[in-house]
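Just below is one structure, and these are the notes that go with it.
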Amino acid sequence: MTRSSNTTAFEHVSIAEDIDILNHIHQTSINLSIFERSVEASKEEINCLIQKNIQLKASGNIEALEASLLAELKRLGLIEGYISKDFSNLLGRFQQLTKATSFRVLFAVVETDMCRRFHTDFNYLRLLCTYAGPATLWLPEAGADRQAHYAGEDNDSILKDPSLIQQANTGDVLVLKGGMYPNAKAIIHRSPTVQQHSQKRLLLRIDMQK
């Protein structure tokens, strides 16, 4: 399994240590943009969110979502910190990318395998950031059999070459094209396996709503 820093040769992916790389997602040939970064939150802040088992699911505009996060932090006895600021910054960046005014957000501790099968999402664009734990897996075109995927077959059939499975780094910000994006191939990806290893992820997922 290859780390994302080694994937610059894949033509359909843009990767850089600059948040402006996310703008590349609107290029016809790009179906995944990755902003490589290190999370600046303290271990104490992240551990508190994990220990308190934060589970925020909310929809609305940016102001409503920021209020929902602050209310959840207050309910858990936590205070604002790096994560809440980053939450707002990523919402703002995603709004710039999508031109949407309403979003669905999941910000939660994940202990189960959300989706083991390599798949595409039926949406327009999605933003993902894993603040703690293993991050998203994805396939380059050379590593995926799209016909097997469309036919509903399992991972063994979808994978042309398991050695080509890529994985984002913890802290990276990913923007993924889904099946609703016009005239584009949605990125094939899946969640990491955490349940059998008793691992936990602190995951932020943002979807635009039209």
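Miscellaneous remarks
- Residues Tyr131, Tyr150, Tyr82, Tyr124 arranged by fewest to most Cβ contacts within 10 Å: Tyr150, Tyr82, Tyr124, Tyr131
- Spin-label model distance (nm) - Asp20 vs Ala142, 7 Å beyond Cα toward Cβ: 2.9
- Calculated P(r) tail over 20 Å for the range 1-114, as whole % of Cα pairs: 53
- Among the listed pairs Lys99/Lys200; Lys52/Lys74; Lys99/Lys177; Lys43/Lys177; Lys160/Lys185, those beyond 22 Å (Cα-Cα): Lys99/Lys200; Lys43/Lys177
- Length released on extending from Ser42 to Cys115, taking residue separation times 0.36 nm less the Cα-Cα span: 23.4 nm
- At the listed q of 0.12, 0.13, 0.16, 0.19 Å⁻¹, the Debye profile of the chain, built from one uniform point per Cα, gives log10 I(q)/I(0) equal to -0.60, -0.71, -1.09, -1.50.
- Residue with peak Gaussian network fluctuation, the chain [Cα springs, cutoff 10 Å], from Lys99, Lys177, Lys57: Lys99
- Most mobile listed residue (Gly60, Gly178, Gly77) in the chain, GNM with C-alpha springs under 10 Å: Gly77
No value in this document is a laboratory result; all are computed from the given coordinates. This one's a predicted model, so the numbers in the text were calculated from it and none came from an experiment. Here the Cβ is made from the backbone with ideal geometry for all residues, glycine too, and neighbour counts use every protein chain on show.
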